[in-house]
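Data first, discussion second: the structure below is written as structure tokens.
Coordinate-derived values only; no laboratory data. In this text, all values refer to a predicted model and were calculated from it rather than measured experimentally. Don't worry about glycine lacking a Cβ; one is built from the backbone with ideal geometry, like all the others, and counts go over all protein chains shown.
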Amino acid sequence: MSNQPRSLRRTVITGIGWVTPLGHEIESVWKRLQAGDSGVEKTSHFDASTFPSQFSSQVKDFDFAAMLGDELAKRHETASLNSKFALVAAKNAWQNAGMDSAMALDKTRVGVYLGGGEGPLDFESVAAAAIGGWESEDGGSLNSFKWAEVARERLTHMMELEQDPNLAASHVAVLLGVEGPSFNTLTACAASTQAIGEATSIIRRGDADVMISGGAHSMIHPLGVTGFNRLTALSTRNESVETASRPFDRTRDGFVLGEGAAIVILEEYEHAKERGANILAEVVGYGSTADAFRITDIHDQGRGAVAAMKLAIEDAGLQPSDIDYINAHGTSTEENDKIETLAIRTLFGDAKSAPPVSSIKSMMGHLIAAAGATELITCVLALRDGILPPTMNYQTPDPNCDLDYIPNEPRKADAKTALSNSFGFGGQNDTLVIRKLDD
């Protein structure tokens, strides 16, 4: 380990909460991840029977009123599904951190930083405006009166229902009465990892003592699925949906679209100690880079991914050999898994020197803007219990993917540090390093 001086304030995780396709309670979902359970099923949000991908990883048994409480749910009833997921996860994380009973908490020093994105109401509005334009007399000109009228009607309806992606952060701030800095990032699949990294930076530099951070997303809608199908990014394994997500396996054919939310409570170390908080882990490293390559493809040598991991490890004052476990982005697409493997191998020197790697997307599917935070919580639990979650559905080795992927069974390990990767469309690369706190 290096002796890099650390003058910045330390940031720890004191609360966690999630809404996932495997459930919503921390311990029950963690048990299901260890058991290798799948959250993937035939899509029921809409009739997907004519789509190339007819399945997804959907949130089930989500009773917003019961989970938030009738009075609070009514106050937030116009929120989008994305925001409702975020509200429930945030409430659970806040309670998990013991913040409800925190004495003399200065809420002007508590902020929100979420990752989010477009959702079903956005898709509905765009579709209605487009159809209205096409039905107009001039065949859909952007200057069409019909187009303008339909667009205005739908966009007004969208705003009434508060779909704007940044509003999840506003809802969470209102719910918990926090008045510190509030941000939202839209960096696709990297969004919640980037949000947590940037929220950590806010605490480190002294602009807040507590940050509520993570992400929420739902894109399981005809337009969302169509877009990913057009990119050939989704699995079309309709005959075996529960095993369709198979990261790093040679027969992988795309990711499984999921939805949900995950929130962590980040807190300055001394602030957490003073109030007697249960510290779950410390965020010690964050790295963020851009590939500057293509809009949808990652750099073929993993240039940005290598740099993000290297920056995060250096930020933590560690060496690559100090990392005990990697929670991979691991989407189950041909290119991502091959290039992420190459990037890890490049950073660690060779496949034998790299730590164990796994992808919970094999069970959860890809929760898009909520994926990174969900995976970071998994890292927290893995370090807490000394159990590394498996990569499920790994049957056929790929010569391009030659790391230890913890195939099909969880593994006991005395892991003290974990690295979590998230890579988004547009070449967004974000990596976090956490460690188990010994003192």
What is the extension gain from Arg9 to Asp47, computed as 0.36 nm multiplied by their sequence separation minus the C-alpha to C-alpha distance, in nm to one decimal? 8.6 nm
Value of relative contact order over region 1-101, rounded to a whole percent, pairs C-alpha under 8 Å and six or more apart: 36
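Can you give the net charge of the other residues whose Cβ lies under 13 Å from the Cβ of Thr289, counting K and R as +1 and D and E as -1?
Values: positive: Arg303, Lys310; negative: Asp291, Glu314, Asp315, Asp430.
Summing Lys and Arg as +1 and Asp and Glu as -1 gives -2.
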Assertion target for Cys379, Cys189, ordered by fewest C-beta neighbours within 10 angstrom first, is Cys379, Cys189
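Based on the alpha-carbon gyration tensor of region 213-307 and its eigenvalue square roots a ≥ b ≥ c, which shape applies: rounded if a/c is under 1.5, prolate if not and a/b is larger than b/c, or oblate? Intermediate values should be presented prior to the final figure.
Numbers: a/c = 2.42, a/b = 1.70, b/c = 1.43.
Prolate, since a/c reaches 1.5 and a/b exceeds b/c.
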Give the order of Leu186, Leu311 when sorted by the count of other beta carbons within 10 angstrom, beginning with the fewest. Leu186, Leu311
If you take every residue apart from Leu175 with its C-beta less than 10 Å away from the C-beta of Leu175, what net charge results, scoring Lys and Arg +1 and Asp and Glu -1? +2
For region 14-21, in order, what is each residue's ³J(HN,Hα) by Karplus, 6.51 cos²θ - 1.76 cosθ + 1.60 with θ = phi - 60°, in whole Hz (x at glycine and Pro)? 10, x, 9, x, 8, 10, 9, x
Proximal aspartates and glutamates relative to Lys42, as straight alpha-carbon distance under 18 Å, when same-chain residues fewer than 8 apart are discounted: Asp61, Glu239, Glu242, Asp253, Glu259
How many nm is it between the label spots at Gln319 and Leu231, if each spot is 7 Å from the Cα in line with the beta carbon? 3.8
Proxy reagent accessibility, fewest Cβ within 10 Å first, across Trp94, Trp18: Trp94, Trp18
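Relative contact order for the chain: what is it in percent, counting Cα pairs under 8 Å that are at least 6 residues apart? Please report the intermediate quantities before stating the final value.
Values: 1125 pairs, mean separation 102.1, N = 439.
About 23 percent, as a whole number.
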Reachable lysines, given that their alpha-carbon falls under 25 Å from the alpha-carbon of Lys412 and they are not under 8 places away in the same chain: Lys31, Lys352, Lys361, Lys436
Gyration tensor verdict on region 1-96 (Cα atoms; rounded if a/c is under 1.5, prolate if a/b is larger than b/c, oblate otherwise): oblate
Enumerate the lysines that Lys107 could reach by cross-link, defined here as Cα to Cα under 17 Å, with residues fewer than 8 away along the same chain left out. Lys91
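Work out which helices of the chain, taken as complete DSSP H runs, extend at least 20 Å along their axis over the Cα atoms and score a mean Kyte-Doolittle of -0.5 or more, then list them.
Working: long enough: 81-96 (22 Å, -0.11); 120-134 (21 Å, 0.76); 145-160 (22 Å, -0.63); 334-348 (22 Å, -0.41); 371-385 (21 Å, 0.98).
Helices passing the filter in the chain: 81-96, 120-134, 334-348, 371-385.
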So what are the three principal axis dimensions of the chain from its Cα atoms, in whole Å, longest to shortest? 71, 57, 38
At the level of C-alpha centres, the distance separating region 172-193 and region 395-416, in angstrom, is 33
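How would you classify region 320-439 from its alpha-carbon gyration tensor, with a ≥ b ≥ c the square roots of the eigenvalues: rounded for a/c under 1.5, else prolate if a/b is greater than b/c, otherwise oblate? Numbers along the way, then the final one.
Working: a/c = 1.32, a/b = 1.21, b/c = 1.09.
The shape class here is rounded.
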